[in-house]
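The values are calculated or read from the model by the stated rules, or taken from the named source; none is laboratory data. No experiment lies behind these values; they were computed from the predicted model shown. Neighbour counts run over all protein chains shown; Cβ positions are idealised from the backbone, glycine included.
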Amino acid sequence: MNYADNQKLIRCQLSRDGGAIQTRFIEFELFKLWQYMIQSKHGFEVSDLTMCLWVPKDEFMSKVNLYERIGDVESVTRLTVTIFDERHGFTHVSHRYAPEDEAETVQNVLLSHVPESVSSSENFALSVTPGRTVVKGQVSGLSEISLGLSND
C-alpha cells in the first residue's frame, strides 16, 4: 500500500448571504489559512467541519471492507496541477479535491486561471484521480484541527 497518496482533508460547507451552500474539501494542513482567507477576504461563512481521509479509488477498492467500517464514504476526485517554472528551475504541484459530480466544473475553473500559453505547453500537466473520502467525524473547532484531536 502506498500511504503517500492518502490525504487528510477537512470537509466543510460554504455559504454567503442568499447564496447556495457549497461543499469544499481542503487539505488538513492548509485548512486554517484557507478558512481565514475565505472568511476575511471573500466573505463566506465556513461551517460543518468534518475530518476525512482521501484514498485513491484503486486502493480503496482493494480494501473496501476495511475503509467502509471506518465511516461514511463519498466519491471525491483529486485534481493535480503541475507547472514547471523554467525561470526558477522548480516544479510547483497543487491539489484540489471536489465531489465527483463537480470535478469537471472545478477542472474548468482551474484551467480558466492558467494562461493558454502555459496550459498548452510541455511545462503544464493536469491529472484527475478518482478517489473516495472516508468521513471520520465532526470537528468542533480550530484547536481540535491543529491537534488532530476530538472530544468524542
- Scanning the stretch 52-93 for residues that are surrounded by 13 or more Cβ atoms within 10 Å (Cβ to Cβ), within 17 Å of the chain's Cα centre (by Cα) and closer than 16 Å to residue 124 by Cβ gives 79, 80, 81, 82
- Note on the structure: Reported set for the stretch 94-132 where residues are of a type in the set (A, V, I, L, M, F, W, C) and touching a Leu at 6+ places or on another chain (Cβ under 9 Å) is 98, 103, 106, 110, 111, 114, 126, 128
- Query: Identify, please: which residue in the stretch 131-152 is surrounded by 15 or more Cβ atoms within 10 Å (Cβ to Cβ) and either assigned to a loop (DSSP other than H, G, I, E, B) or within 15 Å of the chain's Cα centre (by Cα) (or both) and is, among those, modelled with the lowest pLDDT?
  - Reply: 139
- Message: Can you tell me which condition residue 87 does not meet? The list is (1) part of a helix (DSSP H, G or I); (2) among the charged types (D, E, K, R); (3) over 27 Å from residue 9 (Cβ atoms), and all the others hold.
- Response: (1)
- Only one of 49, 14 is among the aliphatic types (A, V, I, L, M), within 17 Å of the chain's Cα centre (by Cα), within 17 Å of residue 134 (Cα to Cα) and surrounded by 13 or more Cβ atoms within 10 Å (Cβ to Cβ); which? 49
- May I ask you to list pairs of residues, at least six apart or on different chains, whose Cβ atoms are under 8 Å apart, with the first in the stretch 88-116 being free of Cβ contacts under 8 Å to residues at least 40 places away in the same chain and the second being loosely packed, with under 13 Cβ neighbours inside 10 Å? 91/85; 92/85
- Task: Identify the single condition in (1) within 19 Å of residue 12 (Cβ to Cβ); (2) in contact with a Ser or Thr (Cβ under 8 Å, 6 or more places away or on another chain) that residue 41 does not satisfy, given that it satisfies every other one.
- Result: (2)
- What are the residues in the stretch 17-36 that are within 10 Å of the chain's Cα centre (by Cα) and over 21 Å from residue 134 (Cβ atoms), if any? none
- For the stretch 21-35, what are the residues that are out of contact with any Lys or Arg (no Cβ under 9 Å at 6 or more places or on another chain), in a helix (DSSP H, G or I) and of a type outside the set (Phe, Trp, Tyr)? 30, 32, 33, 35
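Per-residue answers, yes or no, for (1) touching a residue at least 40 places away in the same chain (Cβ under 8 Å); (2) closer than 15 Å to residue 95 by Cα; (3) of a type outside the set (Phe, Trp, Tyr); (4) assigned to a strand (DSSP E or B):
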| residue | (1), (2), (3), (4) |
| --- | --- |
| 13 | no, no, yes, yes |
| 18 | no, no, yes, no |
| 37 | no, no, yes, no |
| 48 | yes, no, yes, yes |
| 54 | yes, yes, no, yes |
| 66 | no, no, yes, no |
- Any idea which of (1) at pLDDT 95 or above; (2) over 21 Å from residue 31 (Cα atoms) is the one residue 67 doesn't satisfy? (1)
